[in-house]
Amino acid sequence: MEDALRDPAAWARRLAEDKGDPRTYSRSNALRHAIGYYHSLGADGPYAREYLEAQLSEKFKEGRKSEETRDQLDWYIDHWEGLERGGWLCADLRVNVTVPSPPWVRDDFRCSGQVLRFDIVPDGGYAAWIVTQEGAPERLGGIEPLLLQYAVADHLSIPLSEVVVGIYGFRDRFVGTTSGDDAAVLEARDEFFELLARLDLKEK
């Protein structure tokens, strides 16, 4: 996968492209929903597993991919329980955030994404988590987390220094966090807006 920090134009173009039918339901969707139920019901592992099992048996053929999805939920729960023992608190789930755009960007374009989970960090501040199946280390090292850090800070009306961005890579069993200083985040924002200026995103 391209390092988005070295080639952010590719990432900017992906944001502007049609992503297809958002109603398409996959095992990854079922996993996300099971995670949401897990947290919303007070970290109820048995219920989350029961929900996931119902989704997999109803909508998909049994096989290696379904078994892998079950294992991914177990892995996620194990990781969260470790954080929880360390004093982390889940504050919110599945929140959409948007990077504020300059006024010249056309109204129908949004640089947005969904945060799977917002945490309150024991040492102070917030962690915003996103998920992917693969390529998590590359995404963590790119421009995307810096833009997400900017969007989350704007969404919560807090300083950039109080936001950490984390990513779960389910297929690779990768978990990592990152946080840029103010200069790095604002540089990423300005670089991204410069790319937008070169794309066909201005008001007609």
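The values are calculated or read from the model by the stated rules, or taken from the named source; none is laboratory data. Predicted, not measured: the structure shown is a model, and the values here were computed from it. FYI the Cβ positions are ideal-geometry reconstructions off the backbone, even for glycines, and counts take in every protein chain you see. Areas reflect the complete protein model, heavy atoms only, side chains present, ligands, DNA and RNA absent. Shrake-Rupley method; radii C 1.70, N 1.55, O 1.52, S 1.80 Å.
Only a single criterion out of (1) touching a helix residue (DSSP H, G or I) at 6+ places or on another chain (Cβ under 9 Å); (2) closer than 18 Å to residue 90 by Cα; (3) part of a helix (DSSP H, G or I) is not satisfied by residue 155, namely (1). If you scan the stretch 1-27, which residues turn out to be modelled with pLDDT of 55 or more, open to solvent by 40 Å² or more (accessible area, probe 1.4 Å) and in a helix (DSSP H, G or I)? Scanning the stretch 1-27 gives a single hit, 27.
Taken together, the residues in the stretch 184-194 that are farther than 15 Å from residue 163 by Cβ and not charged (D, E, K, R) amount to 2. Can you find a residue in the stretch 112-122 that is over 29 Å from residue 191 (Cα atoms), not in a strand (DSSP E or B) and not β-branched (Val, Ile, Thr)? Checked the stretch 112-122: at least one residue is over 29 Å from residue 191 (Cα atoms), not in a strand (DSSP E or B) and not β-branched (Val, Ile, Thr). Hey, does the stretch 154-169 have a residue that's open to solvent by 10 Å² or more (accessible area, probe 1.4 Å), under 29 Å from residue 87 (Cβ atoms) and within 13 Å of the chain's Cα centre (by Cα)? Looking for residues that are open to solvent by 10 Å² or more (accessible area, probe 1.4 Å), under 29 Å from residue 87 (Cβ atoms) and within 13 Å of the chain's Cα centre (by Cα), one finds at least one in the stretch 154-169, hence yes.
Residues considered: 94, 85. Of these, the only one that is within 26 Å of residue 28 (Cα to Cα) and open to solvent by 40 Å² or more (accessible area, probe 1.4 Å) is 94. Going by the structure shown, is residue 192 more than 30 Å from residue 40 (Cα to Cα) and in contact (Cβ under 8 Å) with a residue 60 or more places away in the chain? Spelling it out, residue 192 is indeed more than 30 Å from residue 40 (Cα to Cα) and in contact (Cβ under 8 Å) with a residue 60 or more places away in the chain.
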